[in-house]
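Asks: One structure follows; several queries about it will come next.
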Amino acid sequence: MRYAILSDIHANVDSLQQALSKTGADDVIVSLGDVVGYGPNPNEVVRLLRDRARHAVLGNHDLAALENFGVEHFNEAARAAILWTQGVLDEASRGWLNLLPYELRFPDFLLVHGAPVKYFEYILDKEEAAAAFDRTDAPLIFVGHTHIAQYWVRDGSRAIGHKHMQHGGSLELEDGKRYIVDVGSVGQPRDLNPLASFAFYDPSVKRVEWLRYEYPIEEVQRKMRAARLPRYLVDRLSRGR
Ligand code: ZN
């Protein structure tokens, strides 16, 4: 059994469809949150995930769309996009988002949007990674939130290693080491590569593989302009930042 772990889809249904087309019928689809916000198709993304995802956790933009959580900390473009999202989100989508948990713990791994316990914190440097490892005993932690494909590893000496996966690649999981795997973003990559990102996890061979893939960026931008979503959010898709 293989997991396909998707995060930060952000109402980008075109990229989600491309991601799903790369998965097999037996793959377990997982969503790490921020299903909505920024993009033009929140209801379509929720419907597709409702049908296809077996596991899903809540992101901060999902909570912002539901109940204005944290909107005071958003920049102007993000706030405008959440207001727009609140205006179009239908009852069925709200109902599905409203039932998502903050975390899902399995014997061998943990699924959270941003970080263990402090669910919406960012893991962006070694200090934050060390603090995140200390808040859970999960050997393998899957996160999104940063929109940056990367991983952190800690061995018995507690030294932290880090690697960006800006152009995809794979990681062989070693016994005695713990990992934080950031799968990157399906809907709005920010690691200077406009190709979308998600990761496969195959427990039988202890391997994580990041995939970078094309999707019709201009079509998504056309829909965003038609919806009068902020120009900054439209432009950043083609820059990947
Ligand atoms: Zn996000």
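The values are calculated or read from the model by the stated rules, or taken from the named source; none is laboratory data. No experiment lies behind these values; they were computed from the predicted model shown. Using ideal geometry, Cβ is built from the backbone for each residue, glycine included, and neighbour counts are taken over all protein chains shown.
Asks: Could you check how many residues of the range 188-241 are touching a helix residue (DSSP H, G or I) at 6+ places or on another chain (Cβ under 7 Å) and hydroxyl-bearing (Ser, Thr, Tyr)?
Replies: 4
Asks: Restricting to the range 33-79, and then to whatever is part of a helix (DSSP H, G or I) and within 11 Å of the ligand (Cβ to nearest atom), can you tell me which residue is surrounded by the most Cβ atoms within 10 Å (Cβ to Cβ)?
Replies: Filtering the range 33-79 for residues that are part of a helix (DSSP H, G or I) and within 11 Å of the ligand (Cβ to nearest atom), the one surrounded by the most Cβ atoms within 10 Å (Cβ to Cβ) comes out as His61.
Asks: Do we have Val117 as of a type in the set (Val, Ile, Thr), assigned to a loop (DSSP other than H, G, I, E, B) and under 19 Å from the mean Cα position of the chain (by Cα) here?
Replies: When the stated conditions are applied, Val117 passes them.
Asks: Just to be sure, is Ala129 touching a strand residue (DSSP E or B) at 6+ places or on another chain (Cβ under 6 Å), at pLDDT 95 or above and not in a loop (DSSP other than H, G, I, E, B)?
Replies: In short, yes.
Asks: Taking the stated definitions as given, is Leu233 surrounded by 13 or more Cβ atoms within 10 Å (Cβ to Cβ) and outside any helix (DSSP H, G or I)?
Replies: Considered against the rule, which asks whether it is surrounded by 13 or more Cβ atoms within 10 Å (Cβ to Cβ) and outside any helix (DSSP H, G or I), Leu233 comes out as no.
Asks: If Asp134 meets every condition in (1) modelled with pLDDT under 95; (2) of a type in the set (Asp, Glu); (3) closer than 18 Å to Lys118 by Cβ apart from one, which number is that one?
Replies: (1)
Asks: Let me ask something else about it. Yes or no: the range 121-128 includes at least one residue that is under 25 Å from Val13 (Cα atoms), within 16 Å of the ligand (Cβ to nearest atom), surrounded by fewer than 19 Cβ atoms within 10 Å (Cβ to Cβ) and hydroxyl-bearing (Ser, Thr, Tyr).
Replies: Yes: the range 121-128 contains one or more residues that are under 25 Å from Val13 (Cα atoms), within 16 Å of the ligand (Cβ to nearest atom), surrounded by fewer than 19 Cβ atoms within 10 Å (Cβ to Cβ) and hydroxyl-bearing (Ser, Thr, Tyr).
Asks: What tally of residues in the range 1-32 results from selecting those that are aromatic (Phe, Trp, Tyr) and within 16 Å of the ligand (Cβ to nearest atom)?
Replies: Total meeting the criteria: 0.
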